Amino acid sequence: MTDPRTTRRELVRRGAATTAAVTLAAAVPSLLEPVSALAKPVDDATVLASLLRVEQVMVFAYERALEVGVGVGVGVEVGVLSASAQPVLSSFAGQERAHVRALSASLRSLAGTVPAPPTTVAAFESELRHLRVRRSPATLRTERQHLRFLIGLETLIARHYRYAIARLSAEKQLLIAAEIMANEAQHATLLRELVTPGNFRRAVPSGFVAGMT
Amino acid sequence: MALDEHLPDGPSRRALLRTAGAGIAAGSSLLLAGCGGAAKPRRKLVAGSDPVAVRDEDIAVLNEVLDLENEAIASYEAGIQLLSGHGRAAAAQFLGQELAHATKLESTIRAAGAKPHPPRSSYPLGNPSDEAAVLRQLSTTEASLVNAYLLAIPKLTPGWLRAVAAGILANESQHVSVLRMLRGRPPVPGAFVTAAE
């Protein structure tokens, strides 16, 4: 006789896997081609420096989106962010800066050198090319485009953290990386919620945050 | 080298790959080789030339989080009946993901030659009587999972296993955010997801 609990579990499992696959394929932005900067065995300082470089890109990305989105910048995109999106992006920019501070402190504690952050749009775009981000932020016009671009970056950084956690050795660094990766995954969820409100299949598309694109 | 090549295939991963038409599984070179003897490493999961030993301590850690995943599954199965609208939709999605986590953990434990803990026949879930109580209970359950994975990750020996756990931790953190949102709370209150979540 079939155990009804087992049957239900199996059915839900199969359904969940199929749903996750379909949703993932549909929801993940295609603008990014992730690259592993950490493919070879490396020490913790090298791993942290690599993560820090991506976090610096995230800070610039959020700050630029806010600058353009609330009308500080000059151009046709001025004022594209809605009243619901602007405070979310502002909060996330602050959290990305906190990540940079934490990683910088960890890197310094390992006698590593903190990389210089991008301070110009040209340097930002150069970093994006290094990360194999194909879409130029200069082409972003609408709030939806900005949000999807940021979702793409959050997806990319999740992949970097996953690589990093596989390679870091010290407990302290592993914990920081895990805490930040989890926060970046929350960012991606909230950004997706802004794009498609109330659609939890899109907001949390997979049971495994892998940074897949 | 892609880290994904090191990850043992669970049903959900296979389904993902099959649906995406990636055909990566066919090219994967994950080999299972027993290491024998009474030494602590029970089994070597070998990808290419990168041997990664799963130790008894790793199995114990995985079974600890599996116990909590099974409790979370029971919580969602019991609570979903009292939810409606967005809460019910989110709970249905998250239940499927908790089941996928349990399946992944079970298959990883089995692949290492060990036995996964089975779900208990019952769990002390209390008697939440309305949606708010259910969402509060699910939030507590998810917070326990976040805490467990944060404790687990530094303890796991193989890097690929830490990466699997980190991917699940990140997903549990997303659940925490959505549940906070459904409860009218700030969904991402801090820059670091900590055990206090």
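The values are calculated or read from the model by the stated rules, or taken from the named source; none is laboratory data. On a predicted model such as this, the values are computed, not experimentally measured, just so you know. Don't worry about glycine lacking a Cβ; one is built from the backbone with ideal geometry, like all the others, and counts go over all protein chains shown.
Residue-by-condition table, conditions (1) farther than 30 Å from B:A143 by Cβ; (2) at the interface with chain B (Cβ under 8 Å from one of its Cβ atoms):
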| position | (1), (2) |
| --- | --- |
| A:F124 | yes, no |
| A:R141 | yes, no |
| A:I151 | no, no |
| A:R167 | no, yes |
| A:R192 | no, no |
| A:R202 | no, no |
**OP:** Can you give me the number of residues within the range B:157-197 that are of a type outside the set (A, V, I, L, M, F, W, C), more than 8 Å from chain A (Cβ to nearest Cβ) and within 22 Å of A:G94 (Cα to Cα)?
**Re:** 6
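Taking the conditions exactly as written (out of contact with any Cys (no Cβ under 7 Å at 6 or more places or on another chain), aliphatic (A, V, I, L, M) and in contact (Cβ under 8 Å) with a residue 60 or more places away in the chain), does B:A112 satisfy them or not? Let's see the steps before the verdict.
Numbers: out of contact with any Cys (no Cβ under 7 Å at 6 or more places or on another chain): yes; aliphatic (A, V, I, L, M): yes; in contact (Cβ under 8 Å) with a residue 60 or more places away in the chain: yes.
Here the answer is yes, as B:A112 does meet what is asked.
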Original post:
Which condition number in (1) under 29 Å from B:K155 (Cα atoms); (2) facing chain B (nearest Cβ under 8 Å); (3) at pLDDT below 95 is the one that A:M212 fails?
Top reply: (2)
Subject >> Condition broken by A:R135, with the remaining ones in (1) in contact with a Gly (Cβ under 9 Å, 6 or more places away or on another chain); (2) buried (at least 21 other Cβ atoms within 10 Å of the Cβ); (3) modelled with pLDDT under 95 satisfied >> reply: (2)
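Which residue, of B:D58, B:D9, B:D67, is at pLDDT below 95 and of a type in the set (D, E)?
Numbers: B:D58 fails: at pLDDT below 95; B:D67 fails: at pLDDT below 95.
Just a single option satisfies the conditions, and that option is B:D9.
Look at the range A:145-199 and say how many of its residues are outside any helix (DSSP H, G or I) and more than 22 Å from A:T46 (Cα to Cα).
Pass one, the range A:145-199, residues outside any helix (DSSP H, G or I): A:168-170, A:196-199.
From the residues that got through so far, the ones that are more than 22 Å from A:T46 (Cα to Cα) too are A:196-199.
Residues that pass the stated criteria total 4.
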